[in-house]
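Undergrad: This is the structure, below, for whatever I ask next.
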Amino acid sequence: MINQTIKKYYRRTDVRFEIVKQLYRREFAVLKPSYMDQSKKNMRMLRCHNLNHFDYIMQYLKFFSTDNFYNFYKSLATYYNGIPIQKLNYTERGNGDWKQTHFKEMGSYDLMIDIDAGDHNDIQHAQYSAQIITEFYNKLNVPYYLIFSGKGFHIITPGNYFNKSKNIIESDNIYFLYSAIARYLYNNFSELVDTGIYDPRRLCKLAYSLAIYDDSVYVAYPLNYYVELDDFRLKEYNLNGFDKPVTKRGMMLFNEKGNVKQLEGVVVNGKEKV
Amino acid sequence: MAKKRFKSPTPEEIERISDSIWSDSRGRIVDRDTYDLHYDKWFGSEDLSTAQKTSMKEKVFQDMQSKHDGISPEHLYKEAKGKDLKRDQKQTAKVVVTDPKEFKRRGARNVDLEGLDTKRVDPYTIVGRVKGKAVYCQPVTIRINNKPVERLRDRRGRFASNPDKMR
């Protein structure tokens, strides 16, 4: 029953369109849910810039013809030319060189604050953590997207607001800064913030995709209004009975005209100028 | 090209191999399985026949057994056949010592016949709130007015608010 619901959800044009919209110049990855047999291959380095790409990948994965389900992810990094055009067959791929030098093609790298509840019963604490962190962001006028990830929340600041090197070999790179920001939030706001996720090829869950768990399926839904976070109820995001709008909804960038100077100042210099 | 004839190792060589394996294991060899594990680490890929391997392995083991007390000839770690001791430890552990001081006091080693191991479980699993910060806590029993009461404490020992009462 739930398998049919998952397939039905991904057949919706508005869902597919919202998913594809986020993947432009980003890496698309399909990973098995953690409870499933991991012997099946996960696939990374997928290029998905339009609906045709998406449908082709779904067809290759036999997503609709079998019950092999995947969680969908996108890279935090954007690339000038996107992921190289290539075949889906692993044996015919050769991405070794690209992986070595991909930071040269990196346009931006988003800051993701991952608030992970660990268990669905603790979701209220994740909600509370998201509330106090977004309050802090609003105070500092930091732009961000807010997304429910299935078992927690993602607070994503677009990478084009930061101006640092993406080369991991250089000493003053963007990953150190992000890690410092996460540690600051961990120390001052919530221990649910994950501090060990800052490396060049990190993925995050696609908004409007499904977070599949062994006993339930949730929709990773972007929260575009503060009310949605304040009145958050996990039940409403369960795929069974999901009736929230998707069409032409997109993702809301809070504090769009803001900047990250104050946030950097707080974390690097330890001074809060508000 | 003719294959080189295997020269059986001299007693001095056996002794040398035995000593080096023992020092490499840092004295952790306690039975046949742990011995196999450390022996195969160095000699598992040698190009010898099965009989040659067995005889040399047996000789080295006998030499080691004669030198060091407390090495049992039995297979004590049966489950993983000496390949993965951690797997055996998890299954055979009767007492799990979490406190490092207690671990030291009991004289337990990483591989111990009594099944003691260093497996630590993080007790801070419940989420609470301290001064507006969401923290991981553990439940503790304290006495208020000489009555036992359950409270939450975080890693720093601070009392956290009850998660049931949180919104």
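Undergrad: Mind listing the long-range amide H neighbours of A:L46? Cut-off is under 5 Å, sequence gap 5 or more, other chains count too, H placed in the peptide plane at 1.01 Å from N.
TA: So A:L46 has HN proximity to A:F28.
Undergrad: Return the calculated 222 nm mean residue ellipticity for chain A, to the nearest 500 deg cm²/dmol, obtained by summing -39500 (n - 2.57) across DSSP H runs with n ≥ 4 and dividing by the residue count.
TA: Values: 8 runs with 79 residues, N = 274.
Helices in chain A give a 222 nm mean residue ellipticity of -8500 deg cm²/dmol.
Undergrad: Show the residues, 5+ positions off or on another chain, whose built amide H is closer than 5 Å to the amide H of B:Y124.
TA: none
Undergrad: In addition: Looking at the calculated P(r) for chain A, what percent of the C-alpha pair distances fall above 24 Å?
TA: Details: 18797 of 37401 pairs.
The answer is 50 percent, as a whole percent.
Undergrad: Taking every eigenvalue of the Cα gyration tensor of the stretch A:56-123, multiplying by 5 and rooting it, what semi-axes result, largest first, whole Å?
TA: Working: eigenvalues 144, 112, 19 Å².
Over the Cα atoms of the stretch A:56-123, the ellipsoid semi-axes are 27, 24, 10 Å.
Undergrad: In whole Hz, what ³J(HN,Hα) sequence does the stretch A:169-181 give by Karplus (6.51, -1.76, 1.60; θ = phi - 60°), x for Gly and Pro?
TA: 6, 5, 6, 9, 9, 6, 6, 5, 4, 4, 5, 5, 4
Undergrad: Regarding the stretch B:11-67, what is the average projected area of its C-alpha convex hull, in nm²?
TA: Values: hull surface 14.5 nm².
Averaged projected hull area, Cα only: 3.6 nm².
Undergrad: May I ask you to evaluate 6.51 cos²θ - 1.76 cosθ + 1.60, the Karplus curve with θ = phi - 60°, for each residue of the stretch A:94-111 and list the ³J(HN,Hα) values in order in whole Hz, giving x for glycine and proline?
TA: Going residue by residue, I get x, 9, x, 5, 4, 5, 5, 10, 5, 5, 5, 8, 6, x, 8, 9, 6, 8 Hz, with x marking Gly and Pro.
Undergrad: Using all alpha carbons of the stretch A:216-274, what is the percent of pairwise distances in each 10 Å bin, ordered from the shortest bin to the longest?
TA: In whole percents, the pair-distance histogram is 17, 34, 24, 20, 5.
Undergrad: Using the Kirkwood formula over every pair of different C-alpha atoms, what hydrodynamic radius in Å results for the stretch B:126-165? Don't skip to the end; give the middle numbers.
TA: On the way: mean 1/r = 0.0977 Å⁻¹.
After inverting the pairwise mean of 1/r, the radius is 10.2 Å.
Undergrad: Short version: ³J(HN,Hα) in whole Hz for each residue of the stretch A:206-211, in order, from phi by Karplus 6.51 cos²θ - 1.76 cosθ + 1.60 (θ = phi - 60°), x for Gly and Pro, what are they?
TA: The phi angles translate into 6, 5, 6, 8, 9, 9 Hz.
Undergrad: Determine, for A:W98, B:W42, the number of other Cβ atoms within 10 Å of each Cβ, and report the residues in order from fewest to most.
TA: B:W42, A:W98
Undergrad: Which entries in the list A:K104/A:K164; A:K32/A:K74; A:K62/A:K235; A:K41/A:K244; A:K244/B:K133; A:K166/B:K133 go over 24 Å, if you measure between the two C-alpha atoms of each? Please report the intermediate quantities before stating the final value.
TA: Working: A:K104/A:K164 13 Å; A:K32/A:K74 14 Å; A:K62/A:K235 30 Å; A:K41/A:K244 32 Å; A:K244/B:K133 31 Å; A:K166/B:K133 32 Å.
Table pairs above 24 Å Cα-Cα are A:K62/A:K235; A:K41/A:K244; A:K244/B:K133; A:K166/B:K133.
Undergrad: Would you pull out the residues with amide H under 5 Å of A:S108's amide H, same chain only if 5 or more places away, H placed 1.01 Å from N?
TA: The answer is A:T78.
Undergrad: From other protein chains only, count the Cβ atoms within 10 Å of every residue's Cβ in A:109-122, then give the mean.
TA: 1
Undergrad: I'd like the mean, over residues of B:122-128, of how many other protein chain beta carbons sit within 10 Å of each residue's own Cβ.
TA: Numbers: counts 0, 0, 1, 3, 3, 13, 2.
Mean partner-chain Cβ count within 10 Å for B:122-128: 3.
Undergrad: Let me ask something additional. Hey, if you drop one equal point scatterer on each alpha-carbon of the stretch A:87-155 and run the Debye formula without solvent, what base-10 log of I(q)/I(0) do you get at q = 0.19, 0.22 Å⁻¹?
TA: Scattering profile of the stretch A:87-155, log10 relative to I(0): -0.78, -0.88.
Values in this text are rule-based calculations from the coordinates and carry no lab data. The structure displayed is predicted, hence computed values, not measured ones. Heads up, the Cβs are rebuilt from the backbone with ideal geometry, glycines too, and the neighbour counts pull from every protein chain shown.
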